[in-house]
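Participant: Here it is: the structure, laid out below.
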Amino acid sequence: MLALISISNSHRDKIDVGNVEINIKEYPTYDTTRHAQLTVLAQNSDCWKCPFIEIGHVSPVAGNRKNVTIHANHTTHLKLTVAHEENSSTHLLCAENVSASEHAYYQWIVRSSGDQIDNVSCEFVTKYSGVDGYMPILYMFVVMTGLALLWIVGKQIYQRRVGFISSSQGESLVRADLGTGSTNTLPNQETEQKRKPNRLKSLDVFRGLSLTIMIFVNYGGGKYWFFAHSSWNGLTVADLVFPWFIFIMGTALAFVFSSHHKKGKSKLKLLLQIIIRCVKLFVLGLMVNTAGGRGNDLNQLRIPGVLQRFSLTYLIVAVTELVFAGGYIKQIATQDAKWYHRLRDVIYFWPNWTIAILLLLIEVIVTFFVPYNMSGCPTGYVGPGGISEDGRYFNCTGGVHKYIDLMVFSYDHIYQHGTCKNLYQCAGTDPEGLLGTLSSIFLCFLGVQAGRILVVYSSVKDRVFRWLIWAVGLGTIALILSHGSQNEGWIPINKNLWSASFVIALGSMAFLLLSFLYLVIDVKEIWSGAPFIYPGMNSIFVYVGSETLEDLIPISFAVSQTHLAQLFINLWSTAFWVIVAAYMYYKDIFISV
């Protein structure tokens, strides 16, 4: 035998979720005068234009043993080569593609019947096929569905048995909780309506759903790759939620400013409120950046962040809506018979749309056409850098996006642990960087457009039809820009850079989701929106709390690194904040910034 290479994924003796552990056990039985060493190389199928990387050697030393780990969320391509001392050349002995399931254990046996390369053979043996790592998702879904049914049945039984609520009243409460609605008026309903004014539940549910998923993926998402952010280009579940939050913020803004314009509130006073809110959000974001063991050293404080992105986006969009108020006034004051009045949600807001499109064009032009002074980095580069493309642009991660952040904030004040670090070995770029704010502003304007449709049109048919038109149109544009490809399009879909195709694609999805929630919750009243409506009503408090207290008991506990254990604890941590939000809701505690 020439060598025995043991390959395991979360093997019992050392659990390492999401990675493949390569154990190289060496045998000094081959002719070391002809063969200097065996080399194991690996390549992840998700790594775009990446070379094979050396992950270990089998050297001619008796008893030597070496363990190395490679990233293996996708198929891993393995090669075994041999180097010659005579002419310093290498020869491929064998290759294998590994898609290791959880706890799987394999052996790659390399045999030689002589001292010639032609006499070497490789055999890949499955010692243990492992378990289906996705089954915990099914288990948790069944458990959560069961708990939801128990909650509904238990609440119904309780309400029917308590003395101060009649059976008919209890039935109405249950129907209301399920979202089916009720024509009866309970004694405390008038008070409830005063405390919680009539509003579109679907907007709060959309916000709460986005926030709940955001908390879940931030806490680990069960260590599944699709609950983590994309390494570079592409979309995962984790990439959806923050942009949707931006979108729904814009939708709510349309309601707010429509109401302000109707009441004739002072623009100067509103401007002051906007600035104060932006400052609060920015400061809260800086505080979050120091939480969770990140440190409070001002010399290394990260300046960009999620709430900072909210702050800057809100500032530009809100000021635009404040200054260019004519659209709200025209669509209310006139019922013009001209054909373009049917497009009044767009036509009468042309200054707002001009600004939105101009900002997105600036982002695209700067990204692809403006030269920048970063050594070895070409104009228009938007790749991950690192080992991609054989490492030719190793320090160019994000191109001009990273360059602008370095110039404005400096390296010590931006995010240094990008999602591309493990796969591409890149230095990373800040996902909430300055240039990407321009495209997030455009996404927020798309949210405002969704809100304008709600404000301008009262018919359910008109609202849903227009939302679906926007969804299809934006989706088509995103497909054209990205060529429907992860990496090969004109503008790849990229959350790290908030590329134009990314925000347009996310806008399309948001219009679709809003249409669904609006029909199910507000129109048909099939679902009350619980439990997502609760965090949606206290979103900033819940987000800041989840970010700053994530390591504390009873929010989280140290558990084993299996998918099942990680999924359970991450779901519990998320459920904890939903329960807190529900308690605040029923106690009429609403904290806004």
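The values are calculated or read from the model by the stated rules, or taken from the named source; none is laboratory data. Being a predicted model, the structure only gives us computed values, none of them experimental. Heads up, the Cβs are rebuilt from the backbone with ideal geometry, glycines too, and the neighbour counts pull from every protein chain shown.
Participant: Of the residues 305, 295, 264, which single one is at pLDDT below 85 and under 30 Å from residue 212 (Cα atoms)?
Facilitator: 295
Participant: Still on this structure, I have one more. Which numbered condition in (1) of a type outside the set (Phe, Trp, Tyr); (2) at pLDDT below 90; (3) over 23 Å from residue 519 (Cα atoms) is the only one that residue 217 fails?
Facilitator: Of everything listed in (1) of a type outside the set (Phe, Trp, Tyr); (2) at pLDDT below 90; (3) over 23 Å from residue 519 (Cα atoms), residue 217 misses just condition (2).
Participant: Scan segment 427-453 for residues that are hydrophobic (A, V, I, L, M, F, W, C) and at pLDDT below 85 and jot them down.
Facilitator: 427
Participant: Counting just the residues of segment 556-590 that are assigned to a loop (DSSP other than H, G, I, E, B) and at pLDDT below 85, which one comes out surrounded by the fewest Cβ atoms within 10 Å (Cβ to Cβ)?
Facilitator: Residue satisfying both the conditions and the ranking: 558.
Participant: Check residue 257 against each of (1) in a helix (DSSP H, G or I); (2) modelled with pLDDT of 85 or more; (3) buried (at least 22 other Cβ atoms within 10 Å of the Cβ) and name the one condition it does not meet.
Facilitator: (2)
Participant: Criterion first (touching an Asp or Glu at 6+ places or on another chain (Cβ under 9 Å) and surrounded by fewer than 24 Cβ atoms within 10 Å (Cβ to Cβ)) does residue 455 satisfy it?
Facilitator: Against the criterion (touching an Asp or Glu at 6+ places or on another chain (Cβ under 9 Å) and surrounded by fewer than 24 Cβ atoms within 10 Å (Cβ to Cβ)), residue 455 qualifies.
Participant: Could you please let me know if residue 540 is under 18 Å from residue 227 (Cβ atoms), within 21 Å of the chain's Cα centre (by Cα), in the same structural domain as residue 226 (by TED's automatic domain parsing) and among the β-branched types (Val, Ile, Thr)?
Facilitator: Taking the combined requirement at face value, the residue does not satisfy it.
Participant: Test residue 309 against the criterion of being under 20 Å from residue 435 (Cβ atoms) and part of a helix (DSSP H, G or I), and give yes or no.
Facilitator: yes
Participant: Spot the failing condition for residue 459; the list is (1) in the same structural domain as residue 300 (by TED's automatic domain parsing); (2) of a type in the set (S, T, N, Q); (3) in contact (Cβ under 8 Å) with a residue 12 or more places away in the chain, and only one is missed.
Facilitator: Looking at each condition in turn, residue 459 falls short on (3).
Participant: Run residue 396 past the list (1) part of a helix (DSSP H, G or I); (2) without any contact (Cβ under 8 Å) to a residue 24 or more places away in the chain and report the number of the one that doesn't hold.
Facilitator: All conditions pass for residue 396, except number (1).
Participant: Also, quick follow-up: Any idea which residue in segment 393-422 is farthest from residue 370 (Cα to Cα), counting only those that are among the polar types (S, T, N, Q) and either at pLDDT below 90 or surrounded by fewer than 24 Cβ atoms within 10 Å (Cβ to Cβ) (or both)?
Facilitator: Looking at the filtered set, the residue picked out is 422.
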